[in-house]
Amino acid sequence: MWTAAEPLPITRGDRAKLERWAQALTTPSSIVQRARIVLMAAKGESNSHIARELGVSRPMINLWRKRFAEEGADALADIKRPVTRPDMALPAATVDAVVKATLHDKPKGATHWSCRSMAKAFGISSASVQRIWSAHGLQPHRIKTFKLSTDPRFREKLTDVVGLYLNPPDKAIVLCVDEKSQIQALDRTQPGLPIKRGRCGTMTHDYRRHGTTSLFAALNIAEGTVIGQCYGRHRHQEFLEFLKHLDAQHDESLDLHVVIDNYATHAHPAVKRWLKRHPRFKLHFTPTSSSWLNLVERWFRELTDKSIRRGTFASVPELIDTISTFIHAYNEDPKPLVWTASARSIIKKVNRCKLVAETLH
């Protein structure tokens, strides 16, 4: 048996508030626990009994009894308290120096600053460096890649391709065509382990190469379907064969508008002669260094992420079979890729990037 303790003084209003907190389903569990501690203490329950009933330590009970006695029921709620941080005491000159070094200097023998290297250089904590960087929006550990097209006909080609996406011609099909070359048939050196509860699937970091294949693909932007053919090489002969395959796959009464890049095989004399004999094929070239403008590139990412990157292939035929299976499954439930950006908005963004690049260099 436990001995009764002196009841903790509590007002009627505080008791009602604590009972409401203890019974509400939306009250955080930590506050429910504190409310129950005070309510039991108000009944005269001993700390030992409260500890056993609620599964808490006696020091915690003493803490909340004292805080309630001094500040009332609101003291039990999670109220943010002022925190003294090391960087709050840093001189403004030190903060400015850290920012300046991050933007304009580099540590000896390295390409960028880390929290620790910056902290060591200025004699402050790495946590302080992180807070300074966060406050000024600095992320020296990250870098983004870009490529601005230098095509003199950039505006013309961009407007042409985007126009096809946003306002496709009547009685015609728009196809985005490209090659995904040198797809490797990689086989892991040891069998991996399957996924299970608490553990992701595994695969060895090393692999064996069993050859390559090149995929020629055409994405129908209206339907979202894909026509694909794998070849051993990606010369103009294979491209021409793929064009013939596309010709056979589509109604002869429809024009075929083909969005394509500037790869040399696409403008080979043999290809030009064939296109001249098949006027329904109308090629629309993307600007140089603008592969992002060809929607089939986005589909290639789907193929890589969902079928190739984590696959294991003991031979090239096995790889080709996997690609064919993915295309067949994709075409059973196609999802058209919808282009939304206008040519004007893209040109404005490119001009801003050029202006920034010229300013910095």
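The values are calculated or read from the model by the stated rules, or taken from the named source; none is laboratory data. Nothing here was measured: the structure is a model prediction, and the numbers come from that model. Cβ coordinates were reconstructed from backbone atoms using ideal geometry, including for glycine residues, and neighbour counts include every protein chain displayed.
Things to note:
- Any hit, region 81-88, residues being out of contact with any Cys (no Cβ under 7 Å at 6 or more places or on another chain), of a type in the set (S, T, N, Q) and modelled with pLDDT of 85 or more: no
- Of the set (1) aliphatic (A, V, I, L, M); (2) free of Cβ contacts under 8 Å to residues at least 12 places away in the same chain; (3) part of a loop (DSSP other than H, G, I, E, B), all apply to LEU355 but (3).
- Qualifying position, being small (Gly, Ala, Ser), closer than 15 Å to PHE300 by Cβ and surrounded by fewer than 16 Cβ atoms within 10 Å (Cβ to Cβ), among SER214, SER181: SER181
- Check on PRO317, assigned by TED's automatic domain parsing to the domain that holds MET203, over 24 Å from THR340 (Cβ atoms) and assigned to a loop (DSSP other than H, G, I, E, B): no
- Unmet requirement for VAL161, which otherwise passes all of (1) aliphatic (A, V, I, L, M); (2) touching a residue at least 40 places away in the same chain (Cβ under 8 Å); (3) not in a helix (DSSP H, G or I): (3)
- Top-ranked residue of region 263-295 - restricted to ones that are assigned to a loop (DSSP other than H, G, I, E, B) and in contact (Cβ under 8 Å) with a residue 40 or more places away in the chain, ranked as nearest to the chain's Cα centre (by Cα): LEU295
- Residue in region 327-349 that is of a type in the set (Ser, Thr, Tyr) and assigned to a helix (DSSP H, G or I) present: yes
- Per the conditions (1) modelled with pLDDT of 90 or more; (2) surrounded by 12 or more Cβ atoms within 10 Å (Cβ to Cβ); (3) touching a Leu at 6+ places or on another chain (Cβ under 7 Å), the sole criterion not satisfied by TYR165 is (3).
- THR202 vs. criteria part of a loop (DSSP other than H, G, I, E, B) and in the same structural domain as TRP339 (by TED's automatic domain parsing): yes
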